[in-house]
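To start, the structure itself, in structure tokens.
The values are calculated or read from the model by the stated rules, or taken from the named source; none is laboratory data. Only a predicted model underlies this, so the values are computations on that prediction, with no experimental measurement involved. Glycine also receives a Cβ, built like all others from the backbone with ideal geometry; neighbour counts cover every protein chain displayed. Please note that ligands, DNA and RNA were not included when accessible areas were found on the heavy atoms of the full protein model with its side chains. Shrake-Rupley method; radii C 1.70, N 1.55, O 1.52, S 1.80 Å.
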Amino acid sequence: MNDSTERTERVDPALVAGNRKALAGYRATHFKWEVQGAVATITLNRPERKNPLTFESYAELRDLFGQLKHATDIKAVVVAGAGDNFCSGGDVHEIIGPLVRLKAPELLMFTRMTGDVVKAMRACPQPIVAAVDGICAGAGAIVAMASDLRLGTSRSKTAFLFNRVGLAGCDMGACAMLPRIVGQGRASELLFTGRAMNGEEGERWGFFNGLCEPDALLPHAQTLARELAAGPSFANGITKTMLHQEWAMTIEQAIEAEAQAQALCMLTEDFTRAYEAFVAKRKPVFEGN
């Protein structure tokens, strides 16, 4: 009997049923979902339109990222676009057109739904790696921004172009999150002008963690995701949670919160295995405990 089986048997079946599920067999409707080992890849799959989002794909992304917090088999996620582009934002004909005819209650329903995608991405414990090639605009730029790590190419063009369609730059958390990634002044420039940030600029500003050749982008993103998935998944989830929560904390509050979080991580089998591997002078094997 292995450790994971023992752990499962120690937990009440009703608790497992409500809080643990396998997602490798999930069948996506509005994008591609592929799983290799412990890494899932979401591919926005409308390359003929530069992979725009629709009402349906927004809702499915929101629901899928919400389910990932309960997934036992997925330890990291890659988000990519089919073809030579990441995502052109909301579909002009399927989203923008209908929105101009809606009244305030329905518009608020839509804007809350899009914001819920970002909330779900930040709440799921798995690290998310965005593989950004070509056009990454509007809501596509937000999805990249909401990921934990971003890889781009020299031909990446990232634009928070809400200003250019008569809207405020404060969309889906952009005014809260983008300044923390690239700095207040640079975020202000991108959100006020809506101009595209190229790949080299994005890497220099810290939006991209690195640049790849287009053909190597997805493989590199998946390799990075596999490395993250092979690490201590509970601890990685805690790191993601604390990176997010500490935005609103004082230094004193953050230090205390991290003390509590680290004490929890010290109770995991990953921590024990890492110590035993160090003593035995071998690489630790993590199983996400």
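A few remarks follow.
- Antiparallel DSSP beta bridges within segment 112-226, as percent of all bridges there, nearest 5: 25
- Here's the picture: charge each Lys and Arg Cβ at +1 and each Asp and Glu Cβ at -1 in segment 36-157, and of SER57, LEU151, VAL77 the one pushed furthest to the positive end of that dipole is LEU151.
- With Cα atoms, 0 to 90° folded angle of helix 55-68 axis to the chain main axis: 10
- Accessible area of GLU276 (1.4 Å probe, protein heavy atoms only, ligands and nucleic acids ignored): about 100 Å².
- For the pair segment 217-260 and segment 82-128, the centres of their Cα atoms are 25 angstrom apart.
- Share of carbon and sulfur in the accessible heavy-atom surface of segment 1-133 [1.4 Å probe, %]: 53
- Near HIS70, no amide H atom lies under 5 Å from its own; only residues 5 or more places off or on other chains count, and H is placed 1.01 Å from N.
- With contacts taken as Cα pairs under 8 Å and at least 6 residues apart, the chain reaches a relative contact order of 16 percent.
- Rounded accessible area per residue of the chain, 1.4 Å, Å²: 52
- Accessible area (Å², 1.4 Å probe, nearest 10) - SER233: 30
- Left without a cysteine partner by the 4.7 Å Cβ rule in the chain: CYS87, CYS124, CYS136, CYS212, CYS265.
- Taking a Cβ cut-off of under 13 Å around VAL78, the surrounding Lys, Arg, Asp and Glu residues balance to a net charge of 0, with basic ones at +1 and acidic ones at -1.
- Share antiparallel - DSSP beta bridges, the chain, percent rounded to 5: 30
- Prolate/oblate/rounded call for segment 173-289, Cα gyration tensor, a/c under 1.5 rounded: oblate
- Charge dipole of segment 1-99 (Cα centre as origin; +1 on each Lys and Arg Cβ, -1 on each Asp and Glu Cβ, all else neutral): 80 debye, rounded to the nearest 20.
- Ratio Rg/Rh, restricted to segment 141-216 and using Cα atoms, in which Rh is the Kirkwood radius: 0.95
- Residue-count net charge about PRO47 - beta-carbon cut-off 12 Å; Lys, Arg +1, Asp, Glu -1: +1
- Debye, to nearest 20: dipole size of the chain, +1 on Lys, Arg Cβ, -1 on Asp, Glu Cβ: 420
- All other residues whose Cβ lies under 15 angstrom from that of SER156 are scored, Lys and Arg at +1 and Asp and Glu at -1, for a net of -1.
- Using θ = phi - 60° in the Karplus curve 6.51 cos²θ - 1.76 cosθ + 1.60, the 3J(HN,Hα) couplings for segment 207-213 round to 5, 9, 6, x, 10, 10, 5 Hz; x is entered for Gly and Pro.
- For segment 2-130: Kirkwood Rh in Å [reciprocal of mean 1/r, alpha carbons]: 16.2
- Percent of alpha-carbon pairs separated by more than 25 Å within segment 69-186: 25
- Magnitude of the charge dipole for segment 118-267, about its Cα centre and with charges confined to Cβ atoms of Lys, Arg (+1) and Asp, Glu (-1), is about 400 debye.
- Pairs of C-alpha atoms in the chain farther apart than 30 Å represent 34 percent of all such pairs.
- Entries of LYS69/LYS283; LYS50/LYS157; LYS21/LYS75; LYS32/LYS69; LYS50/LYS75; LYS69/LYS103 with Cα pairs more than 24 Å apart: LYS69/LYS283; LYS50/LYS75; LYS69/LYS103
- Accessible area of segment 176-263 belonging to carbon and sulfur atoms, whole % at 1.4 Å probe: 56
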